[in-house]
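Step one of this worksheet: look at the structure below.
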Amino acid sequence: MTTAAPLLEVDDLHKHYPVRGGVFGRTVGAVRAVAGVSFSVMPGQTLGLVGESGCGKSTLGRTLMRLEEPTAGTVRFDGRDLAHARGAELQRLRREIQMVFQDPYASLNPRMTVGEIVREPLVVHRIGNKAEQLDRVAALLQTVGLAPEVMARYPNEFSGGQRQRIGVARALALDPRLVIADEPVSALDVSVQSQVLNLMVRLQRERGLAYVFISHDLSVVRHVSDVVAIMYLGRLVEIGPADRLFDAPAHPYTRALLQAVPVADPRRRRERVPLQGETPSPMALPPGCAFAGRCAHAAEVCRQAVPALEPVGAPQADSVRLHRVACVRRDEIGATADA
C-alpha cells in the first residue's frame with residue numbers, strides 16, 4: 001500500500017524579530033515568535049493550530065505564506081522549497097497556497113468593489129481575459145453563497161459574515177491546494193461562525209483542499225480538524241490526531257486549555273488545575289521547557305533542556321498522524337491521570 005506524500009512539510013522553522021535600542025539603534029535582543037516548529041499536512045487534511053494569544057501561531061501562518069521571511073528552517077510544498085523560493089518560482093507556488101485573514105473588515109480594500117477584489121488574483125497571475133475573469137468571479141461568489149449581482153458593491157455594504165465569504169472567494173480564485181485560515185471566524189457572531197465553518201468544510205470536500213486552521217477556540221478546532229497542534233511561546237508542545245489529543249491530552253498545557261473550555265451543562269463539573277505564575281517573555285525564554293514556570297508537574301529536569309516532541313501512547317504506522325508531546329515527564333503524568 002502506497003502512502004501519499006505530505007503536501008506541506010515544515011522542518012525546524014524559526015522566525016525572530018530583532019529588538020533595537022540605544023542611541024544607534026543596535027540590536028539588543030530578539031523576539032522568538034516561532035522557535036523550531038516542525039509538522040506535515042497531507043492533501044485534503046486539516047491541521048488545527050491552537051494556542052493562547054501571543055504564542056506565535058499567526059506569525060507561523062504568515063511565515064508559511066512568505067508574508068514574513070523565515071529566519072531559519074525549511075518549508076516544502078509538494079516537494080518544492082517554499083522557504084527560499086524567489087521571483088517567478090515563488091509566484092507559481094503562491095497560486096497553490098492562499099490565505100483567509102482574521103478580520104474581514106481589515107482584509108478587504110474599501111476602495112475596491114467586490115468584483116475587483118475577487119478578480120485581482122486572476123489579474124496578477126494573468127489568468128484569462130477580462131470577460132473570462134468576470135465569469136469566474138460570478139461563479140466564485142455563487143460558490144460561497146453570494147449573488148453575482150454584488151460584484152458592483154463595496155465591502156462596507158456587507159455584514160461580517162458576508163465579508164468573510166468574499167475573503168474565501170478571493171482565496172479560491174486561483175484554485176489553491178492549501179488554504180491557511182488565520183482565525184477566520186473569531187470576529188464573527190456565533191450564528192455566523194457556523195455558516196462560515198460549514199462553508200469551509202463543504203469547499204474542502206468538493207475541492208480536496210488542505211487547511212492550516214489557526215484558532216484559539218478549541219471547540220471550533222475539534223469540529224474541523226483531522227490533526228491538532230498545540231503551540232506555546234513559539235514551539236509545538238503537542239501534536240496528534242484530533243480525537244486522540246482531545247480524549248487523552250498528554251501535555252499539562254493542553255490539559256489546562258481543555259479544562260478551561262466552558263461546559264454547556266451546569267450540572268457537569270470538571271476538575272481544573274489552575275496555571276501558576278506568569279507567561280515568560282519571548283525575548284528571554286527560560287532554559288528548558290518554557291512552560292515549566294507555570295506547570296504543577298514541573299521538576300528540576302524540566303528546566304535543564306528543551307524537550308523534543310516524542311511519541312506517546314501505542315505505536316502507529318502512520319507517522320503523519322503520530323501523537324507526539326514535548327514533555328520529559330509525559331509517562332509519569334499520564335500514569336497519574338489514568339489512575
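The values are calculated or read from the model by the stated rules, or taken from the named source; none is laboratory data. Just so it is clear, the structure is predicted and the values come from calculations on it, not from any experiment. Cβ: placed from backbone, ideal geometry, glycine included. Neighbour counts: every protein chain shown.
May I ask you to list the residues in the range 113-126 that are out of contact with any Pro (no Cβ under 8 Å at 6 or more places or on another chain) and touching a residue at least 40 places away in the same chain (Cβ under 8 Å)?
So in the range 113-126, the residues out of contact with any Pro (no Cβ under 8 Å at 6 or more places or on another chain) come out as 113, 115-116, 118-126.
Once the filter is applied, which keeps residues that are out of contact with any Pro (no Cβ under 8 Å at 6 or more places or on another chain) and touching a residue at least 40 places away in the same chain (Cβ under 8 Å), the range 113-126 yields Thr113, Val118, Arg119, Glu120, Pro121, Leu122, His125.
All of Leu47, Leu93 fail the test of being assigned to a helix (DSSP H, G or I), of a type outside the set (Phe, Trp, Tyr) and within 19 Å of Ala5 (Cβ to Cβ), apart from Leu93. Checked across the range 56-72, the condition of being of a type in the set (Gly, Ala, Ser), assigned to a helix (DSSP H, G or I), touching a residue at least 60 places away in the same chain (Cβ under 8 Å) and buried (at least 19 other Cβ atoms within 10 Å of the Cβ) holds for at least one residue.
In the range 287-305, what residues are in a loop (DSSP other than H, G, I, E, B) and either surrounded by fewer than 14 Cβ atoms within 10 Å (Cβ to Cβ) or more than 26 Å from the chain's Cα centre (by Cα) (or both)? Lay out the reasoning, then the answer.
Residues of the range 287-305 that are in a loop (DSSP other than H, G, I, E, B), as a first pass: 287-291, 295-299, 304-305.
Result: Pro287, Ala296, His297, Ala298, Ala299, Gln304, Ala305.
Out of all the residues in the range 142-156, is one or more surrounded by 19 or more Cβ atoms within 10 Å (Cβ to Cβ) and aromatic (Phe, Trp, Tyr)? Within the range 142-156, not a single residue is surrounded by 19 or more Cβ atoms within 10 Å (Cβ to Cβ) and aromatic (Phe, Trp, Tyr).
Every listed requirement among (1) closer than 22 Å to Val37 by Cα; (2) outside any loop (DSSP other than H, G, I, E, B) is met by Met283 save one, (2).
Got at least one residue in the range 20-43 being over 17 Å from Tyr232 (Cα atoms), in contact with a helix residue (DSSP H, G or I) (Cβ under 9 Å, 6 or more places away or on another chain) and part of a loop (DSSP other than H, G, I, E, B)? Yes, the range 20-43 contains at least one residue that is over 17 Å from Tyr232 (Cα atoms), in contact with a helix residue (DSSP H, G or I) (Cβ under 9 Å, 6 or more places away or on another chain) and part of a loop (DSSP other than H, G, I, E, B). For Leu134, the conditions (1) more than 25 Å from Met200 (Cα to Cα); (2) crowded, with 16+ Cβ neighbours inside 10 Å; (3) free of Cβ contacts under 8 Å to residues at least 40 places away in the same chain all hold with the exception of (1). Answer with yes or no whether Ala314 is assigned to a loop (DSSP other than H, G, I, E, B) and at pLDDT 85 or above. Here the answer is no, as Ala314 does not meet what is asked. For the range 167-189, the set of residues classified as over 22 Å from Arg80 (Cα atoms) and in contact with a Phe, Trp or Tyr (Cβ under 7 Å, 6 or more places away or on another chain) consists of Gly167, Asp182, listed by residue number. Look at (1) in contact with a strand residue (DSSP E or B) (Cβ under 8 Å, 6 or more places away or on another chain); (2) at pLDDT 90 or above and you find that Ala284 fails only one, number (2).
Scanning the range 77-90 for residues that are surrounded by fewer than 17 Cβ atoms within 10 Å (Cβ to Cβ) and either modelled with pLDDT of 95 or more or part of a strand (DSSP E or B) (or both) returns Arg80, Asp81. Being at pLDDT 90 or above, charged (D, E, K, R) and within 29 Å of Leu257 (Cβ to Cβ) is a property that Asp11 has.
May I ask you to verify whether Pro307 is under 30 Å from Val19 (Cα atoms) and at pLDDT 85 or above? So that I can check it myself, show each step before the final result.
Numbers: under 30 Å from Val19 (Cα atoms): yes; at pLDDT 85 or above: yes.
Answer is yes for this residue.
Go over the candidates Leu209, Leu245 one by one and state the one that is closer than 30 Å to Ile166 by Cβ and modelled with pLDDT of 90 or more.
On the way: Leu245 fails: closer than 30 Å to Ile166 by Cβ.
Only one candidate qualifies: Leu209.
Inside the range 110-130, residues that are surrounded by 19 or more Cβ atoms within 10 Å (Cβ to Cβ) and charged (D, E, K, R) make up a count of 1. Would you be able to say whether some residue in the range 102-109 is over 13 Å from Ala171 (Cβ atoms), modelled with pLDDT of 95 or more and surrounded by 14 or more Cβ atoms within 10 Å (Cβ to Cβ)? No, because not a single residue in the range 102-109 is over 13 Å from Ala171 (Cβ atoms), modelled with pLDDT of 95 or more and surrounded by 14 or more Cβ atoms within 10 Å (Cβ to Cβ).
Taking the range 182-206, which residues are within 30 Å of Ala292 (Cβ to Cβ) and either assigned to a strand (DSSP E or B) or at pLDDT below 90 (or both)? Answer for the range 182-206, where residues must be within 30 Å of Ala292 (Cβ to Cβ) and either assigned to a strand (DSSP E or B) or at pLDDT below 90 (or both): Asp182, Ser186.
Could you check the range 181-228 and list, in sequence order, the residues that are in contact with a strand residue (DSSP E or B) (Cβ under 9 Å, 6 or more places away or on another chain) and among the charged types (D, E, K, R)? Once the filter is applied, which keeps residues that are in contact with a strand residue (DSSP E or B) (Cβ under 9 Å, 6 or more places away or on another chain) and among the charged types (D, E, K, R), the range 181-228 yields Asp182, Glu183, Asp217, Arg222, Asp226.
State whether the residues of the range 99-122 include one that is touching a strand residue (DSSP E or B) at 6+ places or on another chain (Cβ under 9 Å) and part of a strand (DSSP E or B).
Let us first name the residues in the range 99-122 that are touching a strand residue (DSSP E or B) at 6+ places or on another chain (Cβ under 9 Å), namely 99-102, 107, 121.
Next cut, part of a strand (DSSP E or B) only: 99-100.
Yes, the range 99-122 contains at least one residue that is touching a strand residue (DSSP E or B) at 6+ places or on another chain (Cβ under 9 Å) and part of a strand (DSSP E or B).
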